[in-house]
Amino acid sequence: MNQPLIRMDRVRKEFGRSVVAVDNMSLTIEKGDFISFLGPSGCGKSTALRMIAGLLPVTAGTIDIKPPEAGEQAEQDLGFVFQEPTLMPWARVFDNVWLPLRLAGVGRNRARERVEQALREVGLSKFERAYPRELSGGMKMRVSIARAMVTRPRILLMDEPFAALDEMTRMKLNNDVVRLSAEHGLTVVFVTHSVFESVYLSNRIVVMAARPGRVAEELQVGAPWPRGDDFRTSQTYADECRRVSAELKETLHDDDIDH
Amino acid sequence: MTTTSTIESPQEARTPAGAVQDEPAPLNTEHLAAMRRERILAWVMPLATMALAILGWEWWVRANDIPHYLIPAPSRVAETLWTDGPSLLQSAWFTVKLTFFSLLLAVVGGVLLGALFALSRSVEMSLFPFAVILQVTPVVAIAPLILIYVANTFVALLICAWIVAFFPILSNTVIGLRSADHNLRDLFTLYRATPWQRLRYLLAPSALPYFMAALKVAGGLALIGAVVAEFVAGATGQNTGLASRIIEASFRNEIPRMFAALVLVSLLGVAIFLLTTLASKLVLGHWHESEIKRET
Ligand SMILES: Nc1ncnc2c1ncn2[C@@H]1O[C@H](COP(=O)(O)OP(=O)(O)OP(=O)(O)O)[C@@H](O)[C@H]1O
Ligand SMILES: [Mg+2]
């Protein structure tokens, strides 16, 4: 009866005959979870995320997403934020954010209020009419987040969204994501390379190992919500980072011995 | 993010000890002047060299007493342009029509077929060889056949010019439609875009820079096709283009008239180049790297 929001059951993904990108991955994600996929490059984090989004078919296993309940209806249940901002360079910021609604048949005027709200939530109200090339990297990423949020999704999937940004901007955007996910009761799956980022953001960290990509272990982050800049400088944060780093090192070290 | 700091109290407005009251830093006048010079040079240089070349030619013909039936002086060509103007302009108009219609048909055909290719691999695989054969066979070699099979000369010439201009549009449209960012494609899949929405909002804008590049090439090719086809046809009479005027003049050894017709052909080519360049600026100027003027 109490079905989890997302359930991955023994999911496997092969590319061609020889590359096993993800093997035997099982995971349940509850409503309101903030999950990080943490692992080295090439361990199948993006592949797993794209399978959850339905952008890649699974080779074996199943991924179930609980259908939305009455009153939860949105144009699109899933928001996806890529590593690059992935904006349409020929369209203004407004039109870029409007896109998901436009594809769902919502006209410009009916969409206006929601597009404006999404832009306000990421602090870009003034840039509606700008073209992407006129924005900094961090601003482009914000537009990308606004676009994912404009359909009011239940689930937000983010694939190393801030990897290319500087430390300061990344911290700011991390705070934005924490705030947005709390305000909208989002369930977030967040792919990252960074131990610090994953500890700061998530309540559960899924550590992945490579060749073949698989879940090495799951860690709980024992820190209360909401988190803000205070948390970043707290002892708890430092301790959790140290613990996760140690676990990660151990896992990856085992991995080296295995292969 | 942009942050604007406003001065809220007189406390903060005070300049730090030791600092001189700020005046605006001196403008980099050298850089500004250099930019202005560059803008002017961009116009002046080509015009000046052109004028110089024409003057040199004039001087050389006069100094060496070269007879006008060998190489006419520019002044002589200008004179011929003036006196033969009406008949030449009529022919020029014919060539313009031919070029324009063949380009138009090349655009329509190339874009439609390109879209079809991009939508369906199997259509592309079966039809692409024909497009390639059309492209690699020199138009002068096919033109005589076309002129035999098609009774109307204008239509026959149109087909020849079209063959030349069509291929770049087709191939660039196909490449352009396939060039869309793969993450954006995924985004459209995620939001369940219909094929039509995908074409309209993603593939077509992505293809536009490729298409505009092809248009620049095809514009020039259409003119070449129109002129070459007419040479092959060897068409004579009232209702014919500039190529026919050149052939006629060459039979009669009217070298200045040949030059005059040639000047008109070149001017046409330049006009086409400028128009397609302008079109590309208008369409892509606000977003595509190739047309954005960088502030330096
Ligand atoms: N389309 C594809 N075709 C073939 N192999 C692929 C494809 N996509 C991914 N792979 C392979 O699958 C494995 C996992 O790739 P994936 O992109 O999921 O890794 P990742 O954990 O996201 O890495 P990174 O942190 O560098 O983004 C890699 O070995 C990669 O080479
Ligand atoms: Mg990845």
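Tell me the trypsin sites (Lys or Arg not before Pro) within region B:206-296 that lie in a loop according to DSSP and have at most 11 other beta-carbon atoms within 10 Å.
B:Arg252, B:Lys293, B:Arg294
Explain nothing, just the number: dipole magnitude of region A:73-129 about its Cα centre with +1 on each Lys and Arg Cβ and -1 on each Asp and Glu Cβ, in debye rounded to the nearest 20.
My answer is approximately 300 debye.
Roughly what would the spin-label model give for B:His31 and A:Lys66, points 7 Å off Cα along C-beta, in nm?
Going by the 7 Å Cα→Cβ label model, 5.8 nm.
Per residue, what accessible area does chain B have, given a 1.4 Å probe and all protein chains present, in Å²?
62
Please state the shape class of region A:115-259: rounded when a/c is under 1.5, otherwise prolate if a/b exceeds b/c and oblate if not, all from the C-alpha gyration tensor.
prolate
How many Å² of accessible surface get buried when A and B come together, counting both sides, probe radius 1.4 Å, rounded to the nearest 100?
Separately minus together, A and B give about 2400 Å² buried.
Gaussian network model of chain B, Cα springs within a sub-10 Å range: biggest mean-square fluctuation belongs to which of B:Gln90, B:Gln135, B:Gln197?
With Cα springs under 10 Å in chain B, the top fluctuation among B:Gln90, B:Gln135, B:Gln197 is at B:Gln197.
With r defined as the distance between the Cβ atoms of B:Glu124 and B:Ile54 and R0 fixed at 45 Å, what FRET efficiency is calculated, to the nearest 0.05?
Efficiency computed from Cβ-Cβ geometry: 0.35.
Carbon and sulfur atoms: what percent of the 1.4 Å accessible area of chain A do they account for?
Carbon and sulfur atoms account for 49 percent of the accessible area of chain A.
Roughly what % antiparallel, to the nearest 5, for the DSSP beta bridges in chain A?
Just about 50 percent of them are antiparallel.
Which angle from 0 to 90°, rounded to the nearest 10, does the C-alpha axis of helix B:153-178 make with the longest principal axis of chain B?
30
Do any trypsin sites (Lys or Arg not before Pro) in region A:93-166 lie in a DSSP loop with no more than 15 other beta carbon atoms within 10 Å, and if so, which?
The qualifying sites are A:Arg129.
Run down the lysines and flag those whose C-alpha is under 29 Å from the C-alpha of B:Lys216, throwing out any fewer than 8 positions away in its chain.
Those lysines meeting the cut-off are B:Lys97, B:Lys281, B:Lys293.
Within 10 Å, at most 13 other Cβ atoms, and a DSSP state outside H, G, I, E, B define an exposed site. Report the longest part of chain B free of exposed GluC sites (Glu not before Pro).
B:9-288
Taking only DSSP H segments of four or more residues, each worth -39500 (n - 2.57), what value at 222 nm results for chain A once the sum is divided by all its residues, to the nearest 500 deg cm²/dmol?
After summing the helix terms and dividing by residue count, I get -12000 deg cm²/dmol.
Considering Cα pairs under 8 angstrom that are at least six residues apart, work out the relative contact order of region A:1-113 and quote it in whole percent.
25
Filter the chymotrypsin sites (Phe, Trp or Tyr not before Pro) in region B:30-127 to those in DSSP coil with at most 15 other Cβ atoms within 10 Å of their Cβ, and list the result.
Of the chymotrypsin sites (Phe, Trp or Tyr not before Pro), the ones in loops of region B:30-127 whose Cβ has at most 15 other Cβ atoms within 10 Å are B:Tyr69.
Please compare each pair in A:Lys13/A:Lys45; A:Lys140/A:Lys172; A:Lys31/A:Lys249; A:Lys31/A:Lys66 to a cut-off of 21 Å on the Cα-Cα distance and tell me which ones are over it.
As for pairs spanning more than 21 Å Cα to Cα, those are A:Lys31/A:Lys249.
Would you tally the net charge around A:Val11, using a Cβ to Cβ cut-off of less than 14 Å, leaving A:Val11 out, and scoring K and R as +1, D and E as -1?
It works out to a net charge of +3.
Considering every residue in A:88-95, what mean count of other chain Cβ atoms within 10 Å of its Cβ is obtained?
Counting other chains' Cβ atoms within 10 Å and averaging over A:88-95 gives 4.
Sorted from largest down, what three extents in whole angstroms do the Cα atoms of chain A have along their principal axes?
58, 42, 39
When only C-alpha pairs under 8 Å and at least 6 residues apart count, what is the relative contact order of chain A, in percent?
25
Quick one: 3J(HN,Hα) in Hz for region B:35-41, Karplus 6.51/-1.76/1.60 with θ = phi - 60°, rounded, Gly and Pro as x.
5, 4, 4, 4, 4, 5, 4
How large is the accessible surface per residue of chain A, computed with a 1.4 Å probe and reported in Å² as a whole number?
45
Can you run phi through the Karplus equation (6.51, -1.76, 1.60; θ = phi - 60°) for region B:205-221 and list ³J(HN,Hα) in whole Hz, with x for Gly and Pro?
x, 5, 7, 4, x, 5, 5, 5, 4, 5, 4, 4, 5, 5, x, x, 5
How would the protein assembly as shown be classified by its alpha-carbon gyration tensor: rounded, prolate or oblate, with rounded meaning a/c under 1.5 and the a/b versus b/c comparison settling the rest?
Prolate is the answer for the protein assembly as shown, as a/c is 1.5 or above and a/b outweighs b/c.
Taking K and R as +1 and D and E as -1, what net charge do the other residues with C-beta under 15 Å from the C-beta of B:Ala260 add up to?
0
Between 0 and 90 degrees, rounded to the nearest ten: what's the tilt of helix A:235-258 against the longest Cα principal axis of chain A?
Around 60 degrees separate the two axes.
What value, in deg cm²/dmol to 500, does the helix sum -39500 (n - 2.57) over DSSP H runs of n ≥ 4 give at 222 nm once divided by the residues of chain B?
Mean residue ellipticity at 222 nm (helix-derived): -25000 deg cm²/dmol.
For region B:184-207, which residues drop by 50 square angstrom or more in accessible area between the chain on its own and all protein chains together (1.4 Å probe)?
B:Leu184, B:Asp186, B:Leu187, B:Leu190, B:Tyr191, B:Tyr201
Can you tell me what share of the DSSP beta bridges in the protein assembly as shown is antiparallel? A percent to the nearest 5 is fine.
50
Ignoring ligands, DNA and RNA, how do A:Arg214, A:Arg7 rank by accessible area with a 1.4 Å probe, largest first?
In descending accessible area the options line up as A:Arg7, A:Arg214.
Rounded, prolate or oblate: which one fits chain B, using the alpha carbon gyration tensor with axes a ≥ b ≥ c (rounded when a/c is under 1.5, else prolate when a/b beats b/c, else oblate)?
oblate
Taking 8 Å as the Cα distance limit and 6 or more residues as the minimum spacing, I'd like the relative contact order of region B:93-284 as a percentage.
In percent, rounded to a whole number, it is 28.
Quick check: pseudo-label points 7 Å beyond the Cα along Cα→Cβ at B:Leu41 and B:Leu199, how many nm apart are they?
4.8
Put +1 on the Cβ of each Lys and Arg and -1 on the Cβ of each Asp and Glu in region A:188-249; which of A:Phe190, A:Asn203, A:Pro226 then has its Cα farthest toward the positive end of the dipole?
A:Phe190
Taking the 0 to 90 degree range and rounding to the nearest ten, how far is the long axis of helix B:85-119 tilted relative to the main principal axis of chain B, both from C-alpha atoms?
60
Test of understanding: in a Gaussian network model of chain A with alpha carbons linked when under 10 Å, which of A:Gly16, A:Gly228, A:Gly185 would top the mean-square fluctuation ranking?
Its mean-square fluctuation being the largest, the pick is A:Gly16.
The values are calculated or read from the model by the stated rules, or taken from the named source; none is laboratory data. Just so it is clear, the structure is predicted and the values come from calculations on it, not from any experiment. Note that we place each Cβ from the backbone using ideal geometry, even for glycine, and neighbour counts take in every protein chain shown. Just the protein is used for accessible areas: all its heavy atoms, side chains included, with ligands, DNA and RNA removed. Shrake-Rupley method; radii C 1.70, N 1.55, O 1.52, S 1.80 Å.
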